[in-house]
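The values are calculated or read from the model by the stated rules, or taken from the named source; none is laboratory data. Every value quoted in this text rests on a predicted model; they were computed, and no experiment measured them. Cβ coordinates were reconstructed from backbone atoms using ideal geometry, including for glycine residues, and neighbour counts include every protein chain displayed. These area figures cover heavy atoms from the full protein model, side chains too; ligands, DNA and RNA do not enter into them. Shrake-Rupley method; radii C 1.70, N 1.55, O 1.52, S 1.80 Å.
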Amino acid sequence: MLPLTEKKISLTIKELDSGLGRISDLSISIGKLSAADWAEPEGPTPYPTLATLRNWDRKLLSRYQPFYMPFCDLCCLCTYGKCDLTGTKKGACGITMPAQQARTVLLAASIGAATHTSHARELVSYAIKKAGRDCPINPGGNAIGVEAPVIRLVCGEKPKTLADLETVLDYCESQITSLLAVTHTGQEGDPLDFESKVLHAGMIDQVGMEVADLAQISALGYPKADPDAPLAALGMGTVDTTKPVVLVIGHNVPPSVAIIDYLHNENLADQVEVTGICCTSIDATRYSPRAKIIGPMSWQLRYIRSGIPDVIVVDEQCIRTDALAEAKAIHAPFIATSDKNCLGLPDRTHDPADAIVADLAAGRQAGVLILDPEKAGEVAVRVARAVMQSRKKVSTTVDPENIRELAAACTECRLCQRACPNDLAIPRGMKAAGAGDLSLLAGLYEACVGCGRCEQACTRKIPVHSLIISAAAERIKNEKFVIRTGRGAIQDVEIRNVGGPIVLGEIPGVVAFVGCANFANGGKEVAEMSVEFAKRRYIVCTSGCAAMSIGMYRDEEGKTPYEQFPGSFTAGGIVNVGSCVANAHIAGATIKIASIFARRNLRGNYTEIADYVHNRVGAVGVAWGAMSQKAAAIASGFWRLGIPVVVGPHGTKYRRMLLGRADHDADWYVHDQRTGEDVYAGPAPEHLFVAAESKEEAMVLIAKLCMRPNDTSRGRAMKLTHYIDLYQRHYGTIPDDIPRYIRTMTDIPVTLKGEITRILAASDWKERPIPDPTLLEHDRPVPPGRSADIP
Amino acid sequence: MTSADPWQTAEIAGPKKATVITKPAMARAVIRRAQHPVLLIGHSAALIDLGGRKLVDYLLDLARAQNIPVIATGHVNRALRERGYTSAVIMPAVEAGHRIADPGWKGPVGKGPCDLAIIAGLPYPMAWTLLSGLKHAAPHTKTITLDNTYQPNANWSFANIPAKDWMENLVAIAADTGTEGSIDV
């Protein structure tokens with residue numbers, strides 16, 4: 001037998017008798033995963049390329065049309081330009097404004113997918129070095145049967161070992177290269193084809209994220225699908241400042257692991273604080289709950305300027321590019337550990353640790369590049385211990401008397417406010433502070449996203465951000481919270497328990513809060529929204545910086561949401577899956593519902609499963625303050641599965657929405673598999689990508705976007721109850737689109753029967769069947785390697 | 001401070017920029033000449049203090065005086081209802097923008113495509129992007145913002161003006177009397 005797919009070879013010899021000897025049961029795989037024991041038949045689209053799923057994408061994009069909101073009238077990408085694309089003008093290459101916007105979205109999504117996939121490559125190589133190529137993929141022991149739902153679905157593969165993940169990454173990397181090529185001048189020109197490729201980038205991103213988290217869970221002993229994963233400390237106030245403190249920033253955990261291992265091996269774990277910002281800190285707590293999370297990216301300036309860290313170690317992604325300068329200002333030695341982020345530092349990778357420690361501790365070098373995580377870990381700990389006494393925690397914050405003096409220099413020109421992404425009333429705070437009242441300045445702290453643009457704008461060179469955090473010193477001291485460490489995947493038994501109630505609509509929805517909350521009061525609002533939906537018995541999932549933000553608030557009894565709600569994937573749970581790359585488990589849970597609950601084949605069967613998820617699984621993503629290209633890729637992955645995403649007001653800067661038209665009835669017909677008829681199913685979900693202007697509007701949208709054509713009457717009634725309740729609470733009236741969501745009289749919530757019956761009677765509403773819904777009536781999947789036939 | 005630079009200093013749009021409303025008669029003329037205007041009110045309108053009232057009060061004065069249909073975005077509808085205004089159409093701002101950009105949409109009251117969108121009370125960056133969407137995709141629709149910060153993507157916008165000037169302008173624009181101005185496109 002010699003199956004050959006693309007450049008991958010699998011050779012199996014049952015019996016061979018040759019002059020060299022006798023061979024039996026020999027199996028050799030080169031660049032190909034072995035799936036000999038996987039009985040599931042292969043679906044139509046394993047390893048899809050750019051156009052394989054184009055028909056499905058076009059189906060989604062015809063319902064959810066792009067509404068472009070250009071961030072700039074110009075295209076500046078080639079030397080033909082700049083080209084003015086205002087209105088219907090074309091660029092020198094012929095490109096239109098809609099195509100240019102879609103091209104920019106594709107660039108963002110490709111950057112995001114490349115970043116996660118590159119991170120995955122780092123982690124797989126590291127994990128193989130640490131645990132061996134044959135280390136089994138193990139996200140949850142016996143609790144997990146479908147170990148890699150995204151990889152199974154997209155690639156049609158069932159990875160068993162870390163080495164298998166390398167083949168999956170080969171595929172991701174080839175696709176990302178092709179996607180980037182699409183954005184070259186004079187390449188793709190149609191907005192919807194660009195958009196289809198955006199969705200492709202998002203799907204590849206999910207594969208890359210799944211690879212990354214499977215590798216680190218399997219090799220590093222993280223919690224394995226554990227709903228009761230331990231709690232870890234969260235917040236600046238949790239740090240013991242009498243000890244040497246290491247700060248790690250970024251997303252790639254190996255240097256943090258090396259720091260923790262070194263401390264353990266040297267019996268120093270009690271003597272040094274390991275603190276972190278961004279996802280690398282979440283993963284550090286998955287490795288050791290003794291590590292402490294300071295906060296999201298927006299905590300970088302405030303924490304460094306506090307002077308608490310004695311040494312700063314950065315890896316990759318979401319690191320302030322001026323972190324080195326900030327570290328120098330507090331005399332904290334700096335160690336860069338990624339070849340993606342060298343920061344102009346001397347490469348000391350191959351020097352003895354003793355020499356590096358000596359140079360950093362003596363201040364002969366402010367920072368170094370060490371591309372060896374173990375060495376970086378040792379150096380970080382030794383340097384922190386060496387400099388702690390001499391540094392004396394020197395900070396660049398300001399004492400109260402100096403705040404008044406510096407603030408009094410403010411001329412109220414308002415340039416700081418105009419530079420602030422959130423338009424914060426900084427001049428008012430400065431004026432009051434200059435007169436001795438620090439309360440207004442301190443009050444800005446919670447809304448501030450810590451970008452520091454205010455300082456760049458100030459013509460009087462006032463350290464505005466430092467003044468804000470100095471005024472809020474008392475509040476910062478009290479940042480003492482807990483977060484449930486990332487549990488990773490969702491167990492099969494959890495899926496079995498909730499699959500039915502979700503698909504039938506009896507659990508009103510799965511709401512995933514992901515990404516940064518880089519928006520004025522965004523962290524607080526994410527926490528409030530998560531608690532609201534957990535109380536309403538939705539399943540709340542979270543990851544990354546949103547997971548930190550949720551932990552940073554307490555109820556009246558002083559409990560954080562992680563102490564109030566269970567960590568299990570069940571109604572009323574708040575489920576922290578882990579760092580950014582753990583987002584794949586949220587998408588994976590929706591895919592596993594199709595597999596485990598509905599027994600649909602996953603293997604290379606993307607369109608059928610996406611159609612299932614879109615029509616039956618009431619899931620919504622919320623990226624309330626997302627700012628990055630990775631967030632764009634994550635959202636795109638959800639879109640291709642037909643899962644809507646809500647962003648905050650700043651999310652309009654992603655340049656386009658994907659919006660349905662509830663008033664176009666023809667857009668909302670589905671094929672009823674039971675009867676063969678086309679049936680009006682209402683706008684469920686109404687949008688695929690929509691920006692909300694306020695937290696209140698977001699909550700109404702979330703409840704509404706959880707409705708699906710497959711909801712039973714009981715489920716629909718429950719979903720409508722939440723939608724109508726939130727709508728009335730925040731808008732002061734009953735929604736006018738209720739008739740679109742009532743299929744039969746039994747859909748009407750009991751408590752609202754009279755009112756809704758009157759509304760229906762006053763409209764042209766007619767009872768209609770509840771379909772067994774699909775959008776795939778006449779679709780034939782496109783064979784691999786062939787272009788889709790677009791009508 | 002009166003300045004026709006984008007309020008957020010980095011938000012430079014491109015070659016086509018809003019004409020500055022230098023006197024209320026200009027805005028009044030724009031609004032009165034529209035056949036099917038719509039007033040899009042964002043949630044900040046209920047939060048902004050202006051001369052002892054809220055911005056939303058001035059905007060409702062305009063809607064009532066000129067009989068302009070209102071689209072309530074965010075959660076501002078509650079504030080409208082508290083003021084006795086119950087006929088707003090409620091939808092997210094981006095959804096409103098998407099529909100306004102469709103020349104086939106009959107508008108919030110079904111009378112025809114919007115030829116003028118009057119916008120106020122949205123967060124600045126959201127208004128910026130929304131107006132950009134309409135600038136490029138809605139050639140049949142003119143846009144005017146009544147916030148006191150310069151929005152380059154509108155057809156007409158105030159410069160960055162102080163609250164007192166803003167309030168006086170809003171009162172004058174809503175007033176049903178006064179001299180017609182000319183439209184400077």
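Kindly indicate whether any position in segment A:167-177 is out of contact with any Pro (no Cβ under 7 Å at 6 or more places or on another chain), of a type in the set (D, E, K, R) and open to solvent by less than 30 Å² (accessible area, probe 1.4 Å).
Keep residues of segment A:167-177 that are out of contact with any Pro (no Cβ under 7 Å at 6 or more places or on another chain), which gives A:167, A:169-177.
This time we only want the ones that are of a type in the set (D, E, K, R), so: A:170, A:173.
Those still in the list that are open to solvent by less than 30 Å² (accessible area, probe 1.4 Å) too: none.
No, segment A:167-177 has no match at all.
If I filter segment B:99-107 for residues that are under 23 Å from residue A:63 (Cβ atoms), surrounded by 24 or more Cβ atoms within 10 Å (Cβ to Cβ) and more than 9 Å from chain A (Cβ to nearest Cβ), do I get at least one hit?
yes
Consider segment B:143-152. How many of its residues are closer than 20 Å to residue B:50 by Cα and either without any contact (Cβ under 8 Å) to a residue 60 or more places away in the chain or at the interface with chain A (Cβ under 7 Å from one of its Cβ atoms) (or both)?
Matching residues across segment B:143-152 total 2.
Does residue A:715 count as outside any helix (DSSP H, G or I), away from chain B (no Cβ under 13 Å) and more than 30 Å from residue A:423 (Cα to Cα)? Lay out the reasoning, then the answer.
Details: outside any helix (DSSP H, G or I): no; away from chain B (no Cβ under 13 Å): yes; more than 30 Å from residue A:423 (Cα to Cα): yes.
The answer is no for residue A:715.
Could you please let me know if residue A:369 is more than 22 Å from residue A:264 (Cα to Cα), modelled with pLDDT of 95 or more and touching a strand residue (DSSP E or B) at 6+ places or on another chain (Cβ under 6 Å)?
Details: more than 22 Å from residue A:264 (Cα to Cα): yes; modelled with pLDDT of 95 or more: yes; touching a strand residue (DSSP E or B) at 6+ places or on another chain (Cβ under 6 Å): yes.
In short, yes.
Within segment A:651-666, how many residues are assigned to a helix (DSSP H, G or I) and within 19 Å of residue A:68 (Cβ to Cβ)? Walk me through it before giving the result.
Looking only at segment A:651-666, we keep the residues that are assigned to a helix (DSSP H, G or I), and these are A:651-654, A:665-666.
Narrowing further to those that are within 19 Å of residue A:68 (Cβ to Cβ): A:651-654.
The qualifying residues number 4.
Consider segment A:264-296. How many of its residues are outside any loop (DSSP other than H, G, I, E, B) and of a type in the set (Gly, Ala, Ser)?
Residues in segment A:264-296 being outside any loop (DSSP other than H, G, I, E, B) and of a type in the set (Gly, Ala, Ser): 4 in total.
Looking at segment B:79-98 only, could you name the residues that are under 30 Å from residue A:654 (Cβ atoms), β-branched (Val, Ile, Thr) and either open to solvent by 10 Å² or more (accessible area, probe 1.4 Å) or more than 9 Å from chain A (Cβ to nearest Cβ) (or both)?
B:89, B:90, listed by residue number.
Filter segment A:397-422 down to residues that are open to solvent by 30 Å² or more (accessible area, probe 1.4 Å) and either touching a residue at least 40 places away in the same chain (Cβ under 8 Å) or of a type in the set (S, T, N, Q) (or both), then give me how many there are. Please lay out each step first, then the result.
Of all residues in segment A:397-422, those open to solvent by 30 Å² or more (accessible area, probe 1.4 Å) come to A:397, A:399-402, A:404-406, A:408-415.
Then drop every residue that is not either touching a residue at least 40 places away in the same chain (Cβ under 8 Å) or of a type in the set (S, T, N, Q) (or both), which leaves A:397, A:399-400, A:402, A:406, A:409-411, A:413, A:415.
Count: 10.
Tell me which of these residue B:114 doesn't satisfy, since it passes every other one: (1) open to solvent by less than 10 Å² (accessible area, probe 1.4 Å); (2) at the interface with chain A (Cβ under 7 Å from one of its Cβ atoms); (3) part of a loop (DSSP other than H, G, I, E, B).
(2)
Among the residues that make up segment B:24-37, is at least one of them assigned to a loop (DSSP other than H, G, I, E, B) and of a type outside the set (Gly, Ala, Ser)? I'd like the intermediate steps shown before the answer.
Of the residues in segment B:24-37, the ones assigned to a loop (DSSP other than H, G, I, E, B) are B:34-36.
So of that shortlist, the ones also of a type outside the set (Gly, Ala, Ser) come out as B:35-36.
Yes, that holds for at least one residue.
In segment B:34-54, which residues are over 19 Å from residue B:92 (Cα atoms), away from chain A (no Cβ under 14 Å) and touching a Gly at 6+ places or on another chain (Cβ under 8 Å)?
B:35, B:36, listed by residue number.
So which of A:582, A:589, A:610 ends up being touching a Cys at 6+ places or on another chain (Cβ under 8 Å), assigned to a helix (DSSP H, G or I) and not hydroxyl-bearing (Ser, Thr, Tyr)?
A:589
Tell me which of these residue B:9 doesn't satisfy, since it passes every other one: (1) at the interface with chain A (Cβ under 8 Å from one of its Cβ atoms); (2) modelled with pLDDT of 95 or more.
Evaluating residue B:9 over (1) at the interface with chain A (Cβ under 8 Å from one of its Cβ atoms); (2) modelled with pLDDT of 95 or more leaves (2) as the failure.
Which of the residues that make up segment A:554-570 are in contact (Cβ under 8 Å) with a residue 60 or more places away in the chain and farther than 20 Å from residue A:644 by Cα?
A:554, A:560, A:562, A:563, A:566, A:567, A:568, A:570 - these are the residues of segment A:554-570 that are in contact (Cβ under 8 Å) with a residue 60 or more places away in the chain and farther than 20 Å from residue A:644 by Cα.
Based on what the data block shows, is residue A:707 facing another protein chain (nearest Cβ under 9 Å), open to solvent by less than 10 Å² (accessible area, probe 1.4 Å) and at pLDDT 95 or above?
No; evaluated as a whole, the condition is false for this residue.
For (1) over 22 Å from the mean Cα position of the chain (by Cα); (2) of a type outside the set (Phe, Trp, Tyr); (3) surrounded by fewer than 24 Cβ atoms within 10 Å (Cβ to Cβ); (4) farther than 30 Å from residue A:325 by Cα, each residue gets a yes or a no:
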{"position": "A:191", "(1), (2), (3), (4)": "yes, yes, yes, yes"}
{"position": "A:212", "(1), (2), (3), (4)": "no, yes, no, yes"}
{"position": "A:241", "(1), (2), (3), (4)": "yes, yes, yes, no"}
{"position": "A:254", "(1), (2), (3), (4)": "no, yes, no, no"}
{"position": "A:268", "(1), (2), (3), (4)": "yes, yes, yes, no"}
{"position": "A:284", "(1), (2), (3), (4)": "no, yes, no, no"}
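Restricting attention to segment A:733-749, report how many residues are surrounded by fewer than 19 Cβ atoms within 10 Å (Cβ to Cβ) and out of contact with any Ser or Thr (no Cβ under 9 Å at 6 or more places or on another chain).
Of the residues in that region, 3 qualify.
Looking only at residues that are more than 7 Å from chain A (Cβ to nearest Cβ) and open to solvent by 30 Å² or more (accessible area, probe 1.4 Å) in segment B:128-142, which one is farthest from residue A:72 (Cα to Cα)?
B:140
Every residue in segment A:84-100 that is more than 9 Å from chain B (Cβ to nearest Cβ) and touching a residue at least 12 places away in the same chain (Cβ under 8 Å), please.
Those that are more than 9 Å from chain B (Cβ to nearest Cβ) and touching a residue at least 12 places away in the same chain (Cβ under 8 Å): A:91, A:92, A:93, A:94, A:95, A:96, A:99, A:100.
Residue A:455 - would you say it is at negative phi and in contact with a His (Cβ under 8 Å, 6 or more places away or on another chain)?
Numbers: at negative phi: yes; in contact with a His (Cβ under 8 Å, 6 or more places away or on another chain): yes.
Answer is yes for this residue.
So how many residues does segment A:405-433 have that are more than 21 Å from residue A:446 (Cα to Cα) and either more than 14 Å from every other protein chain (Cβ to nearest Cβ) or in a helix (DSSP H, G or I) (or both)?
Within segment A:405-433, residues that are more than 21 Å from residue A:446 (Cα to Cα) and either more than 14 Å from every other protein chain (Cβ to nearest Cβ) or in a helix (DSSP H, G or I) (or both) number 5.
Please go through segment A:522-537 and give me each residue that is closer than 15 Å to residue A:697 by Cβ and open to solvent by 30 Å² or more (accessible area, probe 1.4 Å), ordered by number.
A:525, A:528, A:532
Does residue B:68 satisfy the condition of being part of a helix (DSSP H, G or I), among the β-branched types (Val, Ile, Thr) and away from chain A (no Cβ under 12 Å)? Step through it out loud before you land on a result.
Details: part of a helix (DSSP H, G or I): no; among the β-branched types (Val, Ile, Thr): yes; away from chain A (no Cβ under 12 Å): yes.
Against the criterion (part of a helix (DSSP H, G or I), among the β-branched types (Val, Ile, Thr) and away from chain A (no Cβ under 12 Å)), residue B:68 does not qualify.
Pull up segment A:684-698, narrow it to residues that are within 9 Å of chain B (Cβ to nearest Cβ) and part of a helix (DSSP H, G or I), then point me to the one that is nearest to residue A:526 (Cα to Cα).
The qualifying residue nearest to residue A:526 (Cα to Cα) is A:695.
How many residues are more than 9 Å from chain A (Cβ to nearest Cβ) and charged (D, E, K, R) if we restrict to segment B:12-21?
Residues meeting the conditions: 1.
Check segment A:670-682 and report whether any residue there is within 13 Å of chain B (Cβ to nearest Cβ) and outside any loop (DSSP other than H, G, I, E, B).
Taking every residue of segment A:670-682 in turn, none turns out to be within 13 Å of chain B (Cβ to nearest Cβ) and outside any loop (DSSP other than H, G, I, E, B).
Search segment A:722-775 for residues being over 22 Å from residue A:618 (Cα atoms) and of a type in the set (S, T, N, Q), and hand back the single one that is nearest to the other protein chains (Cβ to nearest Cβ).
A:733
From the list A:489, A:472, exactly one residue is more than 30 Å from residue A:210 (Cα to Cα) and of a type in the set (A, V, I, L, M, F, W, C). Which is it?
A:472
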